[in-house]
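Since the structure comes first, as structure tokens, the remarks are kept for the end.
The values are calculated or read from the model by the stated rules, or taken from the named source; none is laboratory data. Fair warning: this is a prediction, and the values are worked out from it, not measured in the lab. Neighbour counts run over all protein chains shown; Cβ positions are idealised from the backbone, glycine included.
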Amino acid sequence: MKNNNLKLTIFVCTILTCMQITFMIIPADIVTVYNAGVRPLIYIALATAVYALLGIDKRPIHKSYETTMVAILSIVALAGSLLLVSLLFGANNNIMTVNLPVIAHNLWDIGVAVVLGELIRYRLMKQSNMQERIPVIIMLTVVLAFGHMPGLRTFFNGHMPVQTVFFEVIFVQLMVSIAASYFAIKGNLLSTIMISFVYIMVPYLSPILPNITSLVFSLIIIGLLFITIIVHHILTNDKRREIKARENRAEKYAKKSIVYNIGTIILVSGVVAFFMGMFPIYPVVVLTGSMSGHIEQGSLVFVERVPSGEAFTRVEERDVIHFTSRAGVVYIHRVIGFDYDVYGQRQYITQGDANELVDPAVVVADNVHGIVRAALPFFGYPRIFFRNIFGGF
């Protein structure tokens, strides 16, 4: 019996992998029939086989109540986050919930597979011994995530960019599967099903969704799952709180070396100076969507400072520049051409990538602050968030 569980895991993962590959290559006209008929039946057969061979585990689960509460709080945090984002950026009706037949269709096609997949995951992981647990966890985590990646079919048909596939299709499903595997090992069956079902099905069952990109939506899910795992680890840690508090106090008051203190001061000072714009490269938050398609709203861009008098030689056509208009408004727009004043001084014609019209006034060289060199999407949203809050007051 030593390796029977590992062999059964390999068999189950092989079937699920073949099933997902089949889904990606079958003709489009039979995908609906395949999802509604073949896929759920295979999951039912596999779950039945696993529990028939391994039985039902009736052993008590350590910290079961705490685990269930963490899962519930994670779901509440997800709902609260989506509500907050909806209030900030607006919300749209979810086309997946237009009527009850569509909801029932999604529950059968996807929800049944999610629940049965977690039943399989939980039983195989709980049954595994210490020698085979790691390969069992890795195989089930990867394969069950792979089974919930319908977007891969669109990708292989050539209709989805690689970066979109990685974050929105692969990474988010892999993170959900990692969290479910964590709860399957550390927690109980109920928490495992709740985490997986809610985080996978929320795009299909929520009547409204915030007016944000699918990439931002995916990052919210990934962040909340990561926090959920950390919170569960802290709350279910068997180490006594008194011991942990004592260790924390000892570490807090332990004498630090001079090198450590100097290094900390230099690091903190450097970070503060950077965000205050005291270096040749300085950060700027994009507050509008005028450059959407290249630089999205909420991005944190890094601008290379252009000293006064050097714009004439350093700024070229197609560069994205940070500048102040004649009206005193700060912009990040692209240079689309040049003009010259009566003294022969170069002036810049600018336009936002998402704008239909060219900016009404040319930009003089002295008003150019720098050239945008890189951008990090979404890293500027905290500033936008607090700016909207304080603006409301």
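For the condition of a type outside the set (D, E, K, R), closer than 24 Å to ILE44 by Cα and assigned to a helix (DSSP H, G or I), GLY80 does not qualify. Among residues of segment 235-258 being loosely packed, with under 10 Cβ neighbours inside 10 Å and among the β-branched types (Val, Ile, Thr), the one that is modelled with the lowest pLDDT is ILE243. When ILE332, ILE295, ILE321, ILE265 are screened for being free of Cβ contacts under 8 Å to residues at least 40 places away in the same chain and of a type in the set (Val, Ile, Thr), only ILE265 passes. Among the residues of segment 335-347, those identified as modelled with pLDDT of 90 or more and either aliphatic (A, V, I, L, M) or within 30 Å of THR213 (Cα to Cα) (or both) are VAL335, ILE336. For segment 301-330, the candidate set comprises residues that are in a strand (DSSP E or B), under 33 Å from the mean Cα position of the chain (by Cα) and of a type outside the set (A, V, I, L, M, F, W, C); within that set, the residue that is farthest from VAL368 (Cα to Cα) is GLU304. Taking (1) closer than 17 Å to THR313 by Cα; (2) part of a strand (DSSP E or B) in turn, ALA375 satisfies each apart from (1). Residue by residue through segment 303-332, note down the ones that are surrounded by 18 or more Cβ atoms within 10 Å (Cβ to Cβ) and of a type in the set (A, V, I, L, M, F, W, C). If the condition is that a residue be surrounded by 18 or more Cβ atoms within 10 Å (Cβ to Cβ) and of a type in the set (A, V, I, L, M, F, W, C), then VAL303, VAL306, ALA311, VAL315, VAL320, ILE321, PHE323, ILE332 are the ones that fit.
If we scan segment 54-76, do we find a residue that is assigned by TED's automatic domain parsing to the domain that holds LEU8, among the basic types (Lys, Arg), closer than 30 Å to ILE220 by Cβ and in contact with an Asp or Glu (Cβ under 8 Å, 6 or more places away or on another chain)? Checking segment 54-76: not a single residue is assigned by TED's automatic domain parsing to the domain that holds LEU8, among the basic types (Lys, Arg), closer than 30 Å to ILE220 by Cβ and in contact with an Asp or Glu (Cβ under 8 Å, 6 or more places away or on another chain). Just wondering, is there one or more residues in segment 88-96 that are closer than 30 Å to HIS232 by Cα and touching a residue at least 24 places away in the same chain (Cβ under 8 Å)? Yes, segment 88-96 has at least one match.
Taking the condition surrounded by 20 or more Cβ atoms within 10 Å (Cβ to Cβ) and either assigned to a loop (DSSP other than H, G, I, E, B) or modelled with pLDDT of 90 or more (or both), does THR350 pass? Criteria met by THR350.
Take the residues of segment 213-234 that are touching a helix residue (DSSP H, G or I) at 6+ places or on another chain (Cβ under 6 Å) and modelled with pLDDT under 80: which is surrounded by the fewest Cβ atoms within 10 Å (Cβ to Cβ)? Restricting to residues being touching a helix residue (DSSP H, G or I) at 6+ places or on another chain (Cβ under 6 Å) and modelled with pLDDT under 80, the top hit is SER214. Checking GLY293, GLY277, GLY263 one by one, the residue that is in a loop (DSSP other than H, G, I, E, B), modelled with pLDDT under 85 and not hydrophobic (A, V, I, L, M, F, W, C) is GLY277 and no other.
Being among the hydroxyl-bearing types (Ser, Thr, Tyr) and closer than 29 Å to LEU46 by Cα is the requirement here; does THR97 meet it? No; evaluated as a whole, the condition is false for this residue.
Conditions (1) under 16 Å from TYR182 (Cα atoms); (2) β-branched (Val, Ile, Thr); (3) not in a helix (DSSP H, G or I), marked per residue:
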| residue | (1), (2), (3) |
| --- | --- |
| GLY37 | no, no, no |
| ALA49 | no, no, no |
| LYS58 | no, no, yes |
| THR68 | yes, yes, no |
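Quick one: would you say ILE178 is surrounded by 20 or more Cβ atoms within 10 Å (Cβ to Cβ), at pLDDT 80 or above, touching a helix residue (DSSP H, G or I) at 6+ places or on another chain (Cβ under 8 Å) and among the β-branched types (Val, Ile, Thr)? Considered against the rule, which asks whether it is surrounded by 20 or more Cβ atoms within 10 Å (Cβ to Cβ), at pLDDT 80 or above, touching a helix residue (DSSP H, G or I) at 6+ places or on another chain (Cβ under 8 Å) and among the β-branched types (Val, Ile, Thr), ILE178 comes out as no. Taking the numbered list (1) without any contact (Cβ under 8 Å) to a residue 12 or more places away in the chain; (2) on the phi > 0 side of the Ramachandran plot in turn, PRO27 passes all entries but (2).
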